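Here is the structure we will look at.
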Ligand SMILES: *Cc1c(COP(=O)(O)O)cnc(C)c1O
């Protein structure tokens, strides 16, 4: 038998392994058929998440791509449009699902350096009521976006503007818990202003699978039709919901460690002259690596048991399977490599 390699994996916070305690919760989960709403563990998770974030109701689904798409399809109909950042996951990284499956036209708008969309842009892109235009229905924001935290006063202004103009608001909150922990505010506070929010349990929170969509009861009920149509109606899903519930109960406050580790990693790498390293706000940051160094660096890191998506613009991500010791090892491996490297 070959020995199992424990990689230090900085590609994403989706790579975490369920802990023993999480696996125990999964093994012990009481289950039923969730398409009949019979799964007590799924029902408990949905109620718990809704209460935690201050919404009426919640829906568990297999992925964040699906909870976002369900939200877009419930807010918008055929021929409607939603305003969204150029860099947003729902626009750029979800296969064009809103357009393909929802007949919803995205109106992408430039993101500013801090991840926000200018209020003046939001206002300018809302279409007048005229048969030439798609009907602008929704503003969708993302927090954190590329690891950056949107400011609370910005969110208040953007969501108020949207509501005043008759638009609904959706938050892609894949990593919203990181934003809350970073600002030391509650999960209820950080989602204020959004009619609906999608939260990933399978990112930094450490569950193996799943997201929740939160919103008004009638909205969630309507959304369940789309979830079924999209193939997201799961049966004895309590096994997964138990892991998600465990993640929400135990892994929110500890995200602060991931933020600290990202800061330490960035500080360590910034000592290397060849690199241009960004300042992390949460658990994600970017660095520029000379193009000629990328392939040999990637091989060098792999030899040291380190996985990273190395490229001229590299994203590094910390998570609950990255320890302080791992951070030191990664900095040392980068330093070793660049000691000998000449352009
Ligand atoms: C990961 C992610 C999602 C959803 O991704 P899934 O892999 O489908 O769960 C949505 N938005 C953002 C910003 C994400 O990072």
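Any read-out appearing in this document is the output of simple, stated calculations on the displayed coordinates, not a laboratory observation. Just so you know, these numbers come straight off a predicted model, no measurement behind them. Positions of Cβ are backbone-derived with ideal geometry, glycine not excepted, and every protein chain shown enters the neighbour counts.
Listed values, structure above:
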item	result
Three-way shape call for the stretch 1-63 based on the alpha-carbon gyration tensor, with the a/c threshold at 1.5	prolate
Ordering of 107-115, 173-181, 83-91, 254-262 by burial proxy (mean other Cβ atoms within 10 Å per residue, highest first)	173-181, 83-91, 254-262, 107-115
Simple label model, 7 Å out from Cα along Cβ direction - residue 307 to residue 24, nm	2.7
Packing-based ranking, highest mean first, of 30-36, 48-54 given that Cβ atoms within 10 Å are counted	48-54, 30-36
Label-to-label distance, nm, for residues given as residue 189 and residue 112 (7 Å Cα→Cβ offset)	2.2
Approximate spin-label separation residue 103-residue 164, in nm, with each point projected 7 Å along Cα-to-Cβ	3.4
Projected-area average for the chain over all orientations - Cα convex hull basis, square nanometres	19.0
Relative contact order (percent, whole number), the chain, Cα cutoff 8 Å, 6+ residue spacing	24
Estimated [θ] at 222 nm from DSSP helical runs (n ≥ 4, -39500 (n - 2.57)) normalised by residues in the chain, nearest 500	-12500 deg cm²/dmol
Whether the stretch 163-217 is rounded, prolate or oblate, judged on the alpha carbon gyration tensor where a/c under 1.5 counts as rounded	oblate
Full-extension gain in nm, residue 288 to residue 5, via 0.36 nm per residue minus C-alpha separation	99.1 nm
Order of 60, 219 - criterion: other Cβ atoms within 10 Å of each residue's Cβ, fewest first	219, 60
Helix axis angle, 255-270 relative to the chain longest principal axis, alpha carbon, degrees	40
Candidates 272, 70, 117: whichever shows maximal mean-square fluctuation once the chain is modelled as a Gaussian network with Cα springs under 10 Å	272
The stretch 118-184 - Rg and Dmax from Cα coordinates, angstrom	13.6, 46
Relative contact order computed over the stretch 136-260 (Cα-Cα under 8 Å; 6+ residues apart), in percent	23
Cα gyration tensor shape of the stretch 254-340, rounded if a/c is under 1.5, else prolate or oblate by comparing a/b with b/c	prolate
Globularity ratio of the stretch 274-321, using Cα Rg and 2.2 N^0.38 Å	1.16
Length-normalised contact order for the stretch 53-194 - Cα pairs under 8 Å, 6+ apart - percent	23
Of all DSSP beta bridges in the stretch 20-250, antiparallel share, percent nearest 5	35
Gaussian network model of the chain, Cα within-10 Å springs - most flexible of 250, 319, 132	132
Using alpha-carbon coordinates, inclination of helix 324-340 to the longest axis of the chain, degrees	60
Between helix 238-250 and the chain: long-axis angle, C-alpha atoms, 0 to 90°, nearest 10	70
Choice from 269, 139, 240 showing the highest fluctuation, given a GNM over the chain with Cα pairs closer than 10 Å	269
